[in-house]
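**Student:** One structure, as structure tokens, below. Some questions next.
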Amino acid sequence: MALGVAVVVAVDLANESATSAFGVSTETVAGRATHSLEGAAGTVPDNLLRILRADGIRPSAPVVSGYVRSRGRVLNLMGIDPLSDGPFRAFTTDRSGGGLDQFLSIPNTAFLSPPAAARLGVDVGDTLSVAHEGVVFVLTIASLLDPGDEQTARVMESMLIADIGTAQRVLDLRGRLSRIDLIADEATVAQVEALVPDGISIGRPQARSQALERMTQAFRLNLTALSFLALVVGVFLVYNTTTFSVVQRRTLIGYLRAVGVTRREVFALVIGEALVIGLIGTILGVLLGIVLGRGLVTLVAQTINDLYFTVAVGGFDLSAWTLVKGVALGIGATAIAALLPAWEAARTEIATVVRRSSSEDALRKVLPRLSLAGVGLLLVGTVVLMLPSVGLVAAYAAMLAAILGFALLVPVLVLAFGRLVRPIASALGGSTGRMAAGGMEANLSRVAVAVAALAVATSATIGVGTMIG
């Protein structure tokens with residue numbers, strides 16, 4: 001349970017930290033722009049800027065952006081016009097007060113923030129090789145930028161600033177811009193809409209950031225759902241441990257019942273013990289999850305950088321809600337896992353409570369119904385997953401149904417396997433082999449749960465590996 005809670009808490013904290021960093025990054029890059037002109041194909045012609053300015057629409061700033069690789073890192077290359085970008089972004093201020101003339105007059109020059117320069121191991125005057133779609137360009141670092149504050153400095157760690165012409169050459173966007181930023185009121189927006197050609201739309205930066213946010217939503221949801229698989233395995237193990245604890249003390253429970261302890265009190269004893277152990281495991285899991293989350297947030301951010309867009313995670317957001325959720329999940333899962341063993345301990349008659357076989361006999365009686373339910377859940381899960389337009393929530397529900405269906409089939413599979421290998425075990429190990437094979441059948445209620453837990457964990461590992469590959 002501690003490991004299951006740890007994985008859930010760690011993934012949740014990492015997701016929240018990456019999401020928070022993404023919000024900071026997009027807001028900082030967008031700056032004070034109220035609107036942006038963007039093309040349906042992802043770019044706009046750069047002569048559109050001249051048309052806007054000829055009609056008196058200012059402030060307006062051209063932007064070219066894309067991703068390049070340098071020294072094993074992904075950087076967001078942002079091309080700007082420093083003479084018109086001032087009203088939009090404060091981080092384009094030259095730290096040293098020099099270098100702007102080189103930036104404007106010498107081709108293939110760029111600016112970095114001090115943290116970015118330190119990470120890349122370069123200084124003013126050094127060259128930096130960057131690659132875009134297999135083509136390598138050599139840029140000269142003209143000067144360092146002044147981020148202004150710590151938040152902007154974190155964002156600037158993954159950014160490289162160049163002039164428009166240089167960025168267009170590196171990103172192969174000659175004659176094109178990624179967007180044109182505007183600071184405009186409603187009247188100006190109407191004026192712009194009348195000027196722009198078809199295929200060019202005007203929108204707010206928040207809409208663009210929301211679109212990027214949706215791109216990573218499924219990625220983060222997958223991480224969260226897969227982390228819950230660890231908790232599912234934990235539920236199997238808690239159930240098995242509680243069942244074993246009850247079996248060990250069946251004689252004691254029989255004596256308690258004989259001297260007048262009620263069924264309700266026996267039930268409360270078993271549940272209470274499980275919850276105390278579950279609470280300890282949950283607290284340990286939350287603490288371990290915080291430690292794991294600090295390392296995992298870097299991996300999550302790196303995956304987002306590789307697949308979607310650059311995001312600089314400089315902090316670790318410790319959410320109280322995530323910790324509360326982890327505690328609730330851990331204790332709730334423990335309670336659910338302990339319900340059946342506690343109910344079995346409470347309902348068993350005094351005359352049969354000292355016999356271990358009574359528990360196995362009860363399982364044998366319901367085995368056909370369990371197997372039938374398992375087949376039904378497997379079929380339902382498989383059919384839903386095969387539907388062409390199944391939604392994400394329905395897909396995960398179908399996957400859970402398949403897992404539970406398989407778990408319900410495990411007892412009959414273990415029973416069949418034990419009978420199948422008994423002659424082989426007897427031939428190889430004599431009486432010891434026969435006892436080993438027979439032990440699976442004699443202790444079916446415990447063996448089946450352990451087998452199901454191990455099988456679910458193994459299948460999750462193979463499934464996730466296959467999906468990623």
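**Student:** Being within 23 Å of ASN443 (Cβ to Cβ) and part of a helix (DSSP H, G or I): is that true of PHE236 here? Give the derivation first.
**Tutor:** On the way: within 23 Å of ASN443 (Cβ to Cβ): yes; part of a helix (DSSP H, G or I): yes.
Taking the combined requirement at face value, the residue satisfies it.
**Student:** Got a sec? Which helices (runs of 4 or more DSSP H) wholly within region 109-211 have at least 1 residues that are under 29 Å from LEU52 (Cβ atoms) and open to solvent by less than 30 Å² (accessible area, probe 1.4 Å)?
**Tutor:** Working: elements: 114-120, 150-156, 164-170, 186-195.
Hits in region 109-211: 150-156, 164-170, 186-195.
**Student:** Can I ask one more? Just one of the numbered conditions (1) part of a strand (DSSP E or B); (2) open to solvent by less than 60 Å² (accessible area, probe 1.4 Å); (3) out of contact with any Gly (no Cβ under 9 Å at 6 or more places or on another chain); (4) modelled with pLDDT of 85 or more is not true of ARG69; which one?
**Tutor:** It is condition (2) that ARG69 fails.
**Student:** What are the residue pairs meeting all of these: first residue in region 448-467, first residue hydroxyl-bearing (Ser, Thr, Tyr), second residue modelled with pLDDT under 85 and open to solvent by 50 Å² or more (accessible area, probe 1.4 Å), Cβ atoms under 8 Å, and 6 or more apart or on different chains?
**Tutor:** none
**Student:** I'd like the full set of residues that are of a type in the set (Gly, Ala, Ser) and surrounded by 19 or more Cβ atoms within 10 Å (Cβ to Cβ), limited to region 3-30. So that I can check it myself, show each step before the final result.
**Tutor:** Step one: filter region 3-30 for residues of a type in the set (Gly, Ala, Ser), giving 4, 6, 10, 14, 17-18, 20-21, 23, 25, 30.
Result: GLY4, ALA6, ALA10, ALA14, SER17, ALA18, ALA21, SER25, ALA30.
**Student:** Please indicate, with yes or no, whether at least one residue in region 89-106 is over 22 Å from ASP172 (Cβ atoms), open to solvent by 30 Å² or more (accessible area, probe 1.4 Å) and modelled with pLDDT of 85 or more.
**Tutor:** Scanning region 89-106, I find no residue that is over 22 Å from ASP172 (Cβ atoms), open to solvent by 30 Å² or more (accessible area, probe 1.4 Å) and modelled with pLDDT of 85 or more, so the answer is no.
**Student:** Quick test for you: out of ARG434, ARG364, pick the one residue that is under 30 Å from TYR255 (Cα atoms) and either touching a Lys or Arg at 6+ places or on another chain (Cβ under 7 Å) or charged (D, E, K, R) (or both).
**Tutor:** On the way: ARG434 fails: under 30 Å from TYR255 (Cα atoms).
Just one listed residue meets the conditions, ARG364.
**Student:** Also, quick follow-up: Among (1) closer than 23 Å to LEU229 by Cα; (2) in contact (Cβ under 8 Å) with a residue 40 or more places away in the chain; (3) of a type outside the set (D, E, K, R); (4) open to solvent by less than 30 Å² (accessible area, probe 1.4 Å), there is one condition PHE406 misses while meeting the rest; what is its number?
**Tutor:** (4) is the only condition that PHE406 fails.
**Student:** Take region 193-226 and flag every residue that is small (Gly, Ala, Ser) and either in contact with a Phe, Trp or Tyr (Cβ under 9 Å, 6 or more places away or on another chain) or modelled with pLDDT of 80 or more (or both).
**Tutor:** First pass over region 193-226, keeping only residues small (Gly, Ala, Ser): 194, 199, 201, 203, 207, 209, 211, 218, 225.
Result: ALA194, GLY199, SER201, GLY203, SER209, ALA225.
**Student:** Taking the condition of being touching a Lys or Arg at 6+ places or on another chain (Cβ under 7 Å), surrounded by 16 or more Cβ atoms within 10 Å (Cβ to Cβ) and more than 26 Å from GLU157 (Cα to Cα), how many residues in region 39-58 meet it? Let's see the steps before the verdict.
**Tutor:** We begin by selecting, within region 39-58, every residue touching a Lys or Arg at 6+ places or on another chain (Cβ under 7 Å); these are 43-46.
Filter once more, so that each one left must be surrounded by 16 or more Cβ atoms within 10 Å (Cβ to Cβ): 43-44, 46.
The next check asks that each one be more than 26 Å from GLU157 (Cα to Cα); those that pass are 44, 46.
The qualifying residues number 2.
**Student:** Of the residues SER359, SER389, SER371, SER319, only one is farther than 29 Å from TYR255 by Cβ and either open to solvent by 70 Å² or more (accessible area, probe 1.4 Å) or modelled with pLDDT under 80 (or both); which? Walk me through how you get there before you give the answer.
**Tutor:** Numbers: SER359 fails: farther than 29 Å from TYR255 by Cβ; SER371 fails: either open to solvent by 70 Å² or more (accessible area, probe 1.4 Å) or modelled with pLDDT under 80 (or both); SER319 fails: either open to solvent by 70 Å² or more (accessible area, probe 1.4 Å) or modelled with pLDDT under 80 (or both).
The unique qualifying residue is SER389.
**Student:** Within the group THR382, THR334, which residue is at pLDDT 85 or above, among the β-branched types (Val, Ile, Thr), part of a helix (DSSP H, G or I) and touching a Leu at 6+ places or on another chain (Cβ under 9 Å)? Quick ask: steps written out before the conclusion?
**Tutor:** On the way: THR382 fails: touching a Leu at 6+ places or on another chain (Cβ under 9 Å).
Result: THR334 is the single residue among THR382, THR334 that is at pLDDT 85 or above, among the β-branched types (Val, Ile, Thr), part of a helix (DSSP H, G or I) and touching a Leu at 6+ places or on another chain (Cβ under 9 Å).
**Student:** Mind telling me which of the residues SER143, SER129, SER158 ends up being of a type in the set (Gly, Ala, Ser), at pLDDT below 90 and farther than 18 Å from ASP81 by Cβ? Show your work before the answer.
**Tutor:** Numbers: SER143 fails: farther than 18 Å from ASP81 by Cβ; SER129 fails: at pLDDT below 90.
Residue meeting the stated conditions: SER158.
**Student:** Search region 409-432 for residues that are over 30 Å from LEU372 (Cα atoms) and pair each with any residue that is of a type in the set (Gly, Ala, Ser) and at pLDDT below 90 when their beta-carbon atoms are under 8 Å apart and the residues are at least 6 apart or on different chains.
**Tutor:** Every condition considered, the pairs that remain are SER426/GLY433; SER426/ALA437; ALA427/GLY433; GLY429/ALA436.
**Student:** OK, next. Within region 277-290, is even one residue touching a Lys or Arg at 6+ places or on another chain (Cβ under 8 Å), at pLDDT 85 or above and either assigned to a helix (DSSP H, G or I) or crowded, with 19+ Cβ neighbours inside 10 Å (or both)?
**Tutor:** No, region 277-290 has no match at all.
**Student:** Determine which member of the set ALA61, ALA33 is surrounded by 22 or more Cβ atoms within 10 Å (Cβ to Cβ), of a type in the set (A, V, I, L, M, F, W, C) and part of a loop (DSSP other than H, G, I, E, B).
**Tutor:** After applying the criteria, what remains is ALA33.
The values are calculated or read from the model by the stated rules, or taken from the named source; none is laboratory data. Predicted, not measured: the structure shown is a model, and the values here were computed from it. Neighbour counts run over all protein chains shown; Cβ positions are idealised from the backbone, glycine included. These accessible areas exclude ligands, DNA and RNA; they are computed on the full protein's heavy atoms, side chains included. Shrake-Rupley method; radii C 1.70, N 1.55, O 1.52, S 1.80 Å.
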